[in-house]
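Structure first, commentary second.
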Amino acid sequence: MLRYLVANIPVMQNFNKSRYAGQWYAVGKKDPDGLFLLDNIVANFNVDEDGITTATARGRVYIFKYWEVCADMRATFEDTSDPAKFKMKYWGVSALLQTGYDDHWVIDTDYDNYAVHYSCRKVHEVNGTCADSYSFIFSRHESGLRLEDQQIVSAKKHDICLAGKYRRVTHTPGQC
Ligand code: ODT
């Protein structure tokens, strides 16, 4: 199996979106082309009683390359035939922020400590690999991943062909 084809990327089996709900701190990020969220990124994933999934996120961004603001983002999630693969429509509370419609795939999570997210924005038509991806490593803990989760997360980064491409996402109290 050619893992580097977007269609073959392994995602979380038997994903349970209700258990994924709640607050997540981004602790690592592989940026897409034209990066948006820089640091202090915290996301809240919500599933209501009808199964409707929404999220909010906050993080530090630069607008027009030099103007630093804390972005308040909103998103709605559409289910697909695979429970770990969503389509995410997102927009900013302020109109100056990014809007978009991205894949939101859950590669792996234990729900209580870590989650590995992946999104491919553009698939190469010729060879099926990803031409523009981004990925978040989320932790339930602001302090980062527990030692025992770091190995699992490293293996998953390798599985999605993004090992070595992540940067650390810092959290500075009071910044956002
Ligand atoms: O930062 C970039 O460079 C690309 C990222 C663009 C997407 C930002 C939009 C966030 C919208 C709010 C949704 C957050 C969802 C979080 C979900 C789950 C947390 C585990």
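Every number in this text was worked out from the coordinates using simple rules, so none of it is lab data. Everything quoted here is computed from the prediction, not taken from an experiment. Neighbour counts are summed over all protein chains in view; Cβ atoms, including those assigned to glycine, are modelled from backbone coordinates with ideal geometry.
Structural remarks
- Taking other C-beta atoms within 10 Å as the exposure proxy, Asp82, Asp159 rank Asp82, Asp159 from fewest upward.
- Low-density loop positions, GluC sites (Glu not before Pro), region 112-152 - DSSP coil, at most 16 other Cβ in 10 Å: Glu125, Glu142
- In this simple spin-label approximation, Asn113 and Ala7 carry label points 7 Å from Cα along the Cα→Cβ vector, and these lie 3.6 nm apart.
- Remark on the chain: Cys161 stand apart, with no other cysteine beta carbon under 4.7 Å.
- Scoring 12-18, 23-29 by mean Cβ neighbours within 10 Å over their residues and listing the highest first yields 23-29, 12-18.
- Amide H to amide H distances under 5 Å link Phe15 with Ala84, where only residues 5 or more positions off or on other chains count and H is placed in the peptide plane.
- In terms of its alpha-carbon gyration tensor, region 1-156 comes out rounded; the largest-to-smallest axis ratio a/c stays below the 1.5 threshold.
- Neighbour net charge for Thr56 - beta-carbon separation under 9 angstrom, K R +1, D E -1: +1
- Full-stretch length increase - Asn46, Cys70 - with 0.36 nm per residue and alpha-carbon distance subtracted: 6.5 nm
- Two-site label geometry, Ala21 and Asp82: point separation in nm, points 7 Å out along Cα→Cβ: 2.5 nm
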